[in-house]
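The values are calculated or read from the model by the stated rules, or taken from the named source; none is laboratory data. Note that this is a predicted model, so its numbers are computed, not measured. Every residue, glycine among them, receives a Cβ derived from its backbone with ideal geometry; neighbour counts consider all protein chains shown. We work out accessible area using only protein heavy atoms, side chains counted, and drop any ligands, DNA or RNA first. Shrake-Rupley method; radii C 1.70, N 1.55, O 1.52, S 1.80 Å.
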Amino acid sequence: MASMIEIPAGGEKIKIDNGVLLVPDNPVIPFIEGDGTGRDIWRASKRVFDAAVEKAYQGKRTIAWAEVYAGEKAFNKLGSWLPEETIETFQEYLVGIKGPLTTPVGGGIRSLNVALRKALDLYVCLRPVRYYAGVPSPVKHPENVDMVVFRENTEDIYTGIEFEHGTEGDEKFKQLLRSNFPEDYNKIRFPDTAGFAVKPVSQEGTARLVRAAIQYGLENNRRSVTLVHKGNIMKYTEGSFRNWGYEVAEAEFGDQVYTWSQWNRTVESSGEEAANQEQDEALKAGKLLVKDVIADIVFQQTITRAREFDIIATMNLNGDYLSDALAAQVGGIGIAPGGNINYTSGHAIFEATHGTAPKYADKDVVNPGSVVLSGEMMLRYMGWHEAADLIVTGMEGAIAAKTVTYDFHRLMEGATKLSTSEFGTAVIEHMEG
Ligand code: NAP
């Protein structure tokens, strides 16, 4: 079949050399428009991206957008929810962006997003969570929230090894437990009706995630990385995540970090006062603090002591819960951006974190902020910081002027309600501060 993908003439490939992204002045960026409200959002967002790049580089740099297909649009055009050509294009051009996609009901693919992450081994789900002044928030001090979540994207319960009660697989799995691990089998309270799921967490999977979080922390002058886990209960998955995380920190980053495992060792050898003094000195010297916290208490502490959290590194399921909970503190789903990244191969797809909100499709009403800020992350990842900064200034300005879409308008006093496209224009107009 002939290719459906048109690569703009003159567009060049982003490449990677020794872990360093090489971005030409006219990179080809594949994009998936997205289903439902994705169409309205993409139209507005693309205008914002092009305006930011134009204002920042006056024509010296431009993005060569190449549409690729997934979701309903792909299914209607090509009879496939996720055509192979789409994956190949992302593979070839390294960096891309996508709007929300409908999850097909029934049929082979559980989630298109998960399938894309798997195909490209995008092991980090990066979710920055920061406050834009004026955004309606349910907490008293949303301005204290400035966190970046590194969620592991390829392991944990999301691996998808599950056995439904009553199936042959479930019976075989139970038999395996019964014959090989009878003591464990006897721990199951209601074995006759239990379904099962498997939770693999590996050393390599942990190491690459924590390494990326620490590297990001050092490069961006952040204060701390908190490993979030439920290791008190799940010792050999979540507990190992914590232990391996500290090992990576100490083995690979040595003097640049101070870890709570070091603190514990000093407590044992010389007492708590000495350990506290050692930590104070390390922080004064500008070292990055690597600490850990149990996954349940983190939900309290990120609300009651938000300032103590900076970068958060955690496993797939914890990260899923936590990143949405944190996003709620700073204005919720309409403006929460995300990126899925493999820092080794360079592959990255930036994406809206909300769904397709089908009831608003083609009405030009929803907030495009999530895709706009995902694009901001993408530009920063490409090293185009000037354009990314303009987008942040534009968003700050539009929100501070109380010119917002319906979702914020209904929670803000004295605001002006804008359509999706008008909000895009407002962001562009506020780019120069
Ligand atoms: P959803 O599309 O995220 O919408 C839920 C609600 O969130 C909307 O009704 C709306 O709230 C609010 N919302 C979502 N996007 C918004 C935006 N841009 N601006 C302002 N408000 C926004 O979740 P869903 O209805 O559960 O899922 C619909 C479809 O999306 C499903 O097929 C699902 O599988 C898919 N999905 C895709 C992704 C993805 O591609 N990343 C993620 C999640 C879900 P109000 O009604 O209060 O205005």
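Quick notes on this structure:
- Residue that is least open to solvent (accessible area, probe 1.4 Å), among those in segment 355-366 that are more than 8 Å from the ligand (Cβ to nearest atom) and either within 19 Å of Leu122 (Cβ to Cβ) or among the charged types (D, E, K, R) (or both): Asp364
- Among residues of segment 248-297, those that are touching a residue at least 24 places away in the same chain (Cβ under 8 Å) and in a helix (DSSP H, G or I), counted: 11
- Residue within segment 71-80 that is among the basic types (Lys, Arg), more than 30 Å from Thr416 (Cβ to Cβ) and away from the ligand (no atom under 16 Å from the Cβ) present: yes
- Any chance Val28 is closer than 30 Å to Thr393 by Cα, in a strand (DSSP E or B), out of contact with any Asp or Glu (no Cβ under 6 Å at 6 or more places or on another chain) and not charged (D, E, K, R): yes
- The residues in segment 284-313 that are within 19 Å of Val148 (Cβ to Cβ) and either of a type outside the set (Val, Ile, Thr) or open to solvent by 80 Å² or more (accessible area, probe 1.4 Å) (or both) can be counted, and the count is 17.
- Residue match in segment 106-126 (condition: within 19 Å of Gly160 (Cα to Cα), free of Cβ contacts under 8 Å to residues at least 24 places away in the same chain, within 16 Å of the ligand (Cβ to nearest atom) and under 24 Å from the mean Cα position of the chain (by Cα)): yes
- Of the residues Gly375, Gly332, Gly369, Gly339, the single one that is open to solvent by less than 30 Å² (accessible area, probe 1.4 Å), within 11 Å of the ligand (Cβ to nearest atom), closer than 30 Å to Thr226 by Cβ and modelled with pLDDT of 95 or more is Gly369.
- Of the set (1) surrounded by fewer than 23 Cβ atoms within 10 Å (Cβ to Cβ); (2) within 16 Å of the ligand (Cβ to nearest atom); (3) under 23 Å from Glu67 (Cα atoms); (4) among the charged types (D, E, K, R), all apply to Glu422 but (3).
- Residue match in segment 57-70 (condition: among the hydrophobic types (A, V, I, L, M, F, W, C) and open to solvent by 50 Å² or more (accessible area, probe 1.4 Å)): no
- Residue ID - most open to solvent (accessible area, probe 1.4 Å), chosen from residues in segment 342-354 that are over 23 Å from Tyr131 (Cβ atoms) and part of a loop (DSSP other than H, G, I, E, B): Thr344
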